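To start, the structure itself, in structure tokens.
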Amino acid sequence: MNAPDLRLLLPHDAGHYRGPRAAVWFLVAYTVVATARSLVHILAPDSGAGSIAGMATAVAGGSNAIALLAQWGGAQLVMALTASVVLWRYRGLIPLMLAAATLDNVLRILIGLGKPLATAGTPPGALSWLVAPLCAVFLVIALMPGNDPPRDDDPAAGAQAGGSVSA
């Protein structure tokens, strides 16, 4: 078994990914969930604060919590869109995107320990305790070189074989 290759975090050919497909599919699933979560924060009237997270919003400062969650949704959407671009065009950056997802969830856990939310129930963001280790596992998997040769129908495979990938 190969050891993880940290050089794959910033590959010379960002359009080419040779790691296991499991890491690709995990990032696809993560990106779909992140996109949906960000859109809820942006579009829901209460940003999901009361309706999903169980935060009291009908109190002094409640509208500020709603506004902050909506703004956070914007930041989440930027990360989800970046992951989409990585999956679509720059698959060689899948390990870097998984590293960012791991760090994002680890920071949520650490910040939450120091500044816990007062909620009526367990908010979905509490799942970071499960998501962070999953992201880390798939990051390690993505850093395993040469486990999965490129397929003929993979646009990145054509670019590496001397063809070109057009946007």
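The table that follows gives values for the structure above.
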read-out	value
Filter pass, residue 113 being more than 9 Å from the chain's Cα centre (by Cα) and not hydroxyl-bearing (Ser, Thr, Tyr)	yes
Subset of the range 41-71 (residues that are surrounded by fewer than 17 Cβ atoms within 10 Å (Cβ to Cβ) and of a type in the set (A, V, I, L, M, F, W, C))	43, 56, 58, 59, 60, 67, 68
Candidate set: the range 118-144, residues that are aliphatic (A, V, I, L, M) and either at pLDDT below 90 or assigned to a loop (DSSP other than H, G, I, E, B) (or both); chosen: the one farthest from residue 73 (Cα to Cα)	144
Wholly enclosed helices (runs of 4 or more DSSP H) of the range 6-117 bearing at least 3 residues touching a residue at least 24 places away in the same chain (Cβ under 8 Å), small (Gly, Ala, Ser) and in contact with a His (Cβ under 9 Å, 6 or more places away or on another chain)	62-88
Index of the failed condition, residue 36 passing every other in (1) closer than 25 Å to residue 4 by Cβ; (2) within 13 Å of the chain's Cα centre (by Cα)	(1)
Which listed residue is hydrophobic (A, V, I, L, M, F, W, C), within 24 Å of residue 128 (Cα to Cα) and at pLDDT 90 or above, from 49, 83, 14, 60	83
Test for residue 7: is it charged (D, E, K, R) and buried (at least 19 other Cβ atoms within 10 Å of the Cβ)	no
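The values are calculated or read from the model by the stated rules, or taken from the named source; none is laboratory data. Worth saying up front: this structure is predicted, and the values here are computed from it rather than measured. Methodologically, a virtual Cβ is constructed for each residue, glycine included, from the backbone with ideal geometry; neighbour enumeration extends over all protein chains shown.
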